[in-house]
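The values are calculated or read from the model by the stated rules, or taken from the named source; none is laboratory data. Source: prediction; values computed, not measured. Here the Cβ is made from the backbone with ideal geometry for all residues, glycine too, and neighbour counts use every protein chain on show.
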Amino acid sequence: MPLSNRHLLGLEGVPKEDIQLILDTTTTFREVLERPIKKVPTLQGKTVVNLFFENSTRTRISFELAEKRLSADAVNFSSSSSSVSKGETLKDTMRNIEAMKVDMVVVRHSAAGTPKFLTNICDSNIINAGDGIHEHPTQALLDIYSIREKLGKLEGLKVCIVGDVAHSRVALSNIFGLITMGAKVSVCGPSTMIPRNIEELGVDVIYNIDEAIQENNVLNVLRIQLERKAREYFPSIREYAKYFGITEERLEKNGKDIVIMHPGPINRGVELSAAVADGLHQIILQQVTNGVAVRMAVLYLLGTMN
């Protein structure tokens, strides 16, 4: 069965069957990535534009690799070297790009709602690669897939999202996706970084990192977004690391075999100590590898709907 929507704007309201289909399709493409020739002709003849208005390394390269490994033609857009820098509106930029007969658009933008806006002005499939502090669905999908790959299931698992939840699009997409798939989700961080009334989304709130370690199977540790004035929400980097940083000593003290995840880039010595970032508990590089396969799955499922 195809996906129920021809765009991927977020995971809020996405049916369990759609997420399950994406995860199962990811397994197929994960096997492709282990082959000597990591390429299939699935989207040959399709053109995908990567429309990035924010800086990105992992997400942009991951999408570009996914597109090329599906044999699609990938075109990268940079706002700094485009007509946007001359004052062209997003609407005009998109309409001009679509007039060149593209099929799919992957968009990252600082303004929440931009992917939804694009669906109203163009016919291409739109994939949200992160819009402001709203959602980042493919990151959540690769996180969810990585958990299932590591632990063999999602139903009944306890997953805690740690850090700056209030300003994280990764957190919101993970909450929606994990709860849909039957996981029990909690959040942990300084009170200034936990949104008010977040319990209404079906999550528990924990303010003590040791308690979070003891009670959960997985910690998905968010990056402290220093470029978005995150320092305004706690007294100092040193204090954040002291009370919420994950260290080997903290894991050993709590005697817990727990899975550590991080969407990257890592602020070493802040969210994670170097020992944890490189240690046996973490699956961070597996997340990166799985990101290519997840994006291949999304591109394939959307690209073959038309």
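See the values below:
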item: Yes/no for N220 being surrounded by 20 or more Cβ atoms within 10 Å (Cβ to Cβ), of a type outside the set (A, V, I, L, M, F, W, C) and in contact with a Pro (Cβ under 9 Å, 6 or more places away or on another chain); result: yes
item: Selection from the stretch 164-194 of residues that are closer than 17 Å to E135 by Cβ, part of a loop (DSSP other than H, G, I, E, B) and touching a strand residue (DSSP E or B) at 6+ places or on another chain (Cβ under 9 Å); result: S168
item: Sole residue being in contact with a strand residue (DSSP E or B) (Cβ under 9 Å, 6 or more places away or on another chain) and closer than 22 Å to V288 by Cβ, chosen from F63, F77, F29; result: F63
item: Single residue of the stretch 184-205 satisfying the filter (of a type in the set (A, V, I, L, M, F, W, C) and touching an Asp or Glu at 6+ places or on another chain (Cβ under 7 Å)) that is modelled with the lowest pLDDT; result: M193
item: Selection count where residues are of a type outside the set (A, V, I, L, M, F, W, C), within 17 Å of F52 (Cβ to Cβ) and at pLDDT 95 or above, scope the stretch 91-108; result: 1
item: Helices (runs of 4 or more DSSP H) lying entirely in the stretch 243-306 (those with 2 or more residues that are basic (K, R)); result: 248-254
item: So A111, is it of a type in the set (A, V, I, L, M), assigned by TED's automatic domain parsing to the domain that holds Q44, within 20 Å of the chain's Cα centre (by Cα) and in a loop (DSSP other than H, G, I, E, B); result: yes
item: Given (1) among the aromatic types (F, W, Y); (2) surrounded by fewer than 17 Cβ atoms within 10 Å (Cβ to Cβ); (3) within 22 Å of the chain's Cα centre (by Cα), index of the condition Y207 fails; result: (3)
item: Some residue of the stretch 125-137 being farther than 26 Å from L280 by Cβ, out of contact with any Ser or Thr (no Cβ under 8 Å at 6 or more places or on another chain) and assigned to a loop (DSSP other than H, G, I, E, B); result: yes
item: G45 vs. criteria over 18 Å from Y300 (Cα atoms) and either assigned to a helix (DSSP H, G or I) or not β-branched (V, I, T) (or both); result: no
item: Test: E248 is among the charged types (D, E, K, R), in contact with a helix residue (DSSP H, G or I) (Cβ under 7 Å, 6 or more places away or on another chain), in contact (Cβ under 8 Å) with a residue 12 or more places away in the chain and assigned by TED's automatic domain parsing to the domain that holds Q282; result: yes
item: Top-ranked residue of the stretch 1-42 - restricted to ones that are of a type in the set (S, T, N, Q) and part of a loop (DSSP other than H, G, I, E, B), ranked as surrounded by the most Cβ atoms within 10 Å (Cβ to Cβ); result: T42
item: Condition met for L70 (touching a residue at least 60 places away in the same chain (Cβ under 8 Å) and within 19 Å of the chain's Cα centre (by Cα)); result: no
item: Subset of the stretch 48-64 that is touching a residue at least 40 places away in the same chain (Cβ under 8 Å) and in a loop (DSSP other than H, G, I, E, B) - its residue that is surrounded by the fewest Cβ atoms within 10 Å (Cβ to Cβ); result: T57
item: Check on L118, in contact with a helix residue (DSSP H, G or I) (Cβ under 9 Å, 6 or more places away or on another chain), buried (at least 17 other Cβ atoms within 10 Å of the Cβ), under 30 Å from D164 (Cα atoms) and not assigned by TED's automatic domain parsing to the domain that holds R169; result: yes
item: Residue match in the stretch 230-240 (condition: more than 24 Å from S146 (Cα to Cα), modelled with pLDDT under 95, under 21 Å from the mean Cα position of the chain (by Cα) and hydrophobic (A, V, I, L, M, F, W, C)); result: yes
